[in-house]
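Enquirer: Before we start, here is the structure in question, set down as structure tokens.
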Amino acid sequence: MNHTITDFQHKMAAHCESGTLSGILNYNGLEITEPMVFGLANGIFFGYMKMKNFNFPTFFVRIQPGKLRTNIGKRLGVKYYSKTYKNQEEATQELDALLLKNIPVAVQVDFFYMDYLPSWYRVHNNVHFITVVGKEGSQYLVSDCYFPELARIEQDSLIKGRFAGGLSAPKGFMYYPTLVPQDPDLKKQLKIGIKKASFNMIKLPIPFVGIKGIRKFGNKITEWPSFARDIENLSHEVMKINVLLEDQGTGGAGFRYMYATFLRQASEILNSEEIKEMSKRLMEIGDGWREISVFAARMGKNRDLGVDKLRVLGDMILKRADVEKEFFTDLYKIVK
Amino acid sequence: MKEKDIQVDYKEQQMILYAEKDDNSYGPTQTGSYMSKNYLDDFQLKQKHLEENVSQKVLNAENSMVYYYMMIEDITLTELAIRVGLKRSDVEKHITVEGLKKATMKTVLKYAEVFNIPVANLFQIVATHQDRYWKSHYIENEEIENGLYIEQRKTQNPFVVKTTIEHTTS
């Protein structure tokens with residue numbers, strides 16, 4: 001099979017799920033930016049937990065994978081065709097058939113098998129999203145937001161990625177939109193999205209999410225040495241704070257810069273100076289997260305990982321909890 | 001963050017960050033990875049030390065190659081068990097030499113599939129040109145000595161990989 005959807009416009013994006021979704025909605029006639037997808041879908045979040053699938057405690061800075069798509073469906077009235085598979089051959093055949101009909105298809109994959117990306121960058125992570133836009137012989141052409149141009153991947157590697165096991169296994173998941181409203185009423189939905197995001201950050205009664213999650217992160221980081229097998233392992237995990245906040249598809253500062261951009265765009269649609277001011281505040285809050293990223297990277301590199309230094313890092317994180325509590329409380333009041 | 005302050009010159013890993021532009025608007029900007037540009041060598045050094053450490057355990061018969069790949073690919077016992085479709089306690093046995101002796105060939109194949117390696121590599125430590133596709137600390141100059149390198153090609157047979165010595169000029 002040799003077929004490429006030539007009018008699909010590949011664009012890099014900060015985050016795979018929001019970037020894939022905005023790309024596929026743009027293709028289907030709805031002009032929407034990545035920050036707008038992220039913000040409308042109340043993507044911003046925080047959580048800190050120790051899971052048995054990970055050796056170390058981890059934190060996350062966005063809502064559950066897949067929720068951006070479903071929330072955009074609810075907010076904008078977008079309908080999707082989505083499917084998981086047990087049979088790899090059936091999944092491949094259906095994908096090929098859709099490509100022949102000029103339908104770009106978003107698929108969920110394990111990032112590790114996306115071998116067009118540098119090997120140091122790839123980790124086992126089952127919630128990476130890409131858009132398949134063509135096939136030439138044994139290779140698929142894919143639009144991956146983390147890659148500057150359309151990438152080629154062997155069918156074998158794509159299948160491995162789509163059917164990797166483990167936590168959040170993709171099970172061949174794919175989707176494409178079947179109904180995309182061209183002129184949705186954004187004003188009401190923007191307020192709902194902002195309110196929900198603020199609620200999640202300040203009001204969820206769960207001790208490890210939202211502002212409580214940031215506080216838990218700040219308080220617990222001094223315990224990290226007890227999880228490490230050696231100093232290099234601890235260094236690696238502390239440096240991963242930078243990777244998780246900056247490099248792994250957040251747009252910088254753990255999505256704070258992207259959400260600030262969303263608020264700026266929302267302020268223009270809602271004609272709200274208040275929200276414009278909030279976008280500026282969040283950009284500054286993001287700078288504090290970036291300082292944490294840089295500080296963690298330097299600590300790790302210098303193997304300066306004593307409890308005193310970890311406490312300094314923890315205090316920087318706790319300061320973010322304070323300013324974000326004020327920020328999201330004020331934001332909630334504005335849209336309430 | 002101002003756009004100019006966020007720019008990093010590193011073409012090997014490009015990314016999108018959001019920043020404040022010169023005209024005070026906010027928007028995306030393409031840049032290189034700060035982390036990879038400044039700290040990739042440190043990451044690769046740590047990975048190299050880890051590999052030396054786990055290789056030694058394999059050579060000393062303390063652990064099997066399942067352990068080797070589990071550590072290098074940074075997968076926990078629990079996660080590996082789910083990916084292979086076994087109980088955690090089974091995988092715990094398979095990371096030892098004695099435990100792996102009792103694994104079925106079907107299970108061994110499954111491990112190879114999850115690690116994305118030829119099954120033969122669960123029974124040998126071999127540095128090949130194909131390491132570039134999975135090893136996060138792959139450094140080309142170290143692998144190629146005197147213009148020679150080991151090439152490993154998959155075959156239709158899931159048990160067999162064709163391994164040859166190649167010359168960089170060939």
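Enquirer: Looking only at the range A:10-19, decide whether some residue is among the aliphatic types (A, V, I, L, M), in a helix (DSSP H, G or I), closer than 24 Å to B:GLN13 by Cβ and under 17 Å from the mean Cα position of the chain (by Cα).
Expert: Within the range A:10-19, none of the residues are among the aliphatic types (A, V, I, L, M), in a helix (DSSP H, G or I), closer than 24 Å to B:GLN13 by Cβ and under 17 Å from the mean Cα position of the chain (by Cα).
A quick yes/no check of all residues on (1) more than 24 Å from A:PRO118 (Cβ to Cβ); (2) touching a His at 6+ places or on another chain (Cβ under 7 Å); (3) within 13 Å of chain B (Cβ to nearest Cβ); (4) basic (Lys, Arg):
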site	(1), (2), (3), (4)
A:LEU141	no, no, no, no
A:ASP144	no, no, yes, no
A:GLU149	no, yes, yes, no
A:ILE159	no, no, yes, no
A:ARG162	no, no, no, yes
A:ALA169	yes, no, yes, no
A:PHE173	yes, no, no, no
A:PRO177	yes, no, no, no
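Enquirer: Okay, next question. Could you give me the residue pairs with C-beta distances under 6 Å whose first residue belongs to the range A:253-280 and is within 12 Å of chain B (Cβ to nearest Cβ) and at positive phi, whose second residue is modelled with pLDDT of 95 or more and assigned to a helix (DSSP H, G or I) wherever it lies, and which are 6+ apart or on separate chains?
Expert: Correct list of pairs: A:ALA253/A:GLY286; A:ALA253/A:TRP289; A:ALA253/A:ARG290; A:GLY254/A:LEU245; A:GLY254/A:TRP289.
Enquirer: Name the residue that is nearest to A:LYS301 (Cα to Cα), counting only residues in the range B:27-56 that are within 19 Å of the chain's Cα centre (by Cα) and among the basic types (Lys, Arg).
Expert: Pass one, the range B:27-56, residues within 19 Å of the chain's Cα centre (by Cα): B:35-36, B:39-56.
Checking which are among the basic types (Lys, Arg) leaves us with B:46, B:48.
Numbers: B:LYS46: 10, B:LYS48: 15 Å.
Among them, the one singled out is B:LYS46.
Listed here are the residues, each with its yes/no results for (1) closer than 25 Å to A:LEU117 by Cβ; (2) within 10 Å of chain B (Cβ to nearest Cβ); (3) in contact with a His (Cβ under 9 Å, 6 or more places away or on another chain); (4) of a type in the set (S, T, N, Q).
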residue	(1), (2), (3), (4)
A:ALA228	no, no, yes, no
A:ILE231	no, yes, no, no
A:SER235	yes, yes, no, yes
A:MET239	yes, yes, no, no
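Enquirer: Among the candidates B:TYR39, B:TYR10, B:TYR68, which residue alone is more than 10 Å from chain A (Cβ to nearest Cβ) and part of a helix (DSSP H, G or I)? Before you say what the answer is, go through the steps one by one.
Expert: Working: B:TYR39 fails: more than 10 Å from chain A (Cβ to nearest Cβ); B:TYR10 fails: part of a helix (DSSP H, G or I).
Matching residue, one of B:TYR39, B:TYR10, B:TYR68: B:TYR68.
Enquirer: A further question on this structure: Among the candidates A:ALA297, A:ALA266, A:ALA253, A:ALA321, which residue alone is out of contact with any strand residue (DSSP E or B) (no Cβ under 8 Å at 6 or more places or on another chain), of a type outside the set (Lys, Arg) and assigned to a loop (DSSP other than H, G, I, E, B)?
Expert: Numbers: A:ALA297 fails: assigned to a loop (DSSP other than H, G, I, E, B); A:ALA266 fails: assigned to a loop (DSSP other than H, G, I, E, B); A:ALA321 fails: assigned to a loop (DSSP other than H, G, I, E, B).
Unique residue meeting the criteria: A:ALA253.
Enquirer: Looking at A:PHE45, A:PHE8, which one is among the aromatic types (Phe, Trp, Tyr) and either within 22 Å of A:LEU99 (Cβ to Cβ) or in the same structural domain as A:TYR175 (by TED's automatic domain parsing) (or both)? If you could, list the steps in order and put the result at the bottom.
Expert: Values: A:PHE45 fails: either within 22 Å of A:LEU99 (Cβ to Cβ) or in the same structural domain as A:TYR175 (by TED's automatic domain parsing) (or both).
It is A:PHE8.
Enquirer: With respect to A:MET283, determine if the residue is within 24 Å of A:ARG122 (Cβ to Cβ), at the interface with chain B (Cβ under 9 Å from one of its Cβ atoms) and among the hydrophobic types (A, V, I, L, M, F, W, C). Give the steps one after another, and end with the answer.
Expert: Working: within 24 Å of A:ARG122 (Cβ to Cβ): no; at the interface with chain B (Cβ under 9 Å from one of its Cβ atoms): yes; among the hydrophobic types (A, V, I, L, M, F, W, C): yes.
Against the criterion (within 24 Å of A:ARG122 (Cβ to Cβ), at the interface with chain B (Cβ under 9 Å from one of its Cβ atoms) and among the hydrophobic types (A, V, I, L, M, F, W, C)), A:MET283 does not qualify.
The values are calculated or read from the model by the stated rules, or taken from the named source; none is laboratory data. What you see is a predicted model, and the numbers here were worked out from it, not measured in a lab. Quick reminder, even Gly has a Cβ in these numbers, built from the backbone with ideal geometry, and neighbours come from all protein chains shown.
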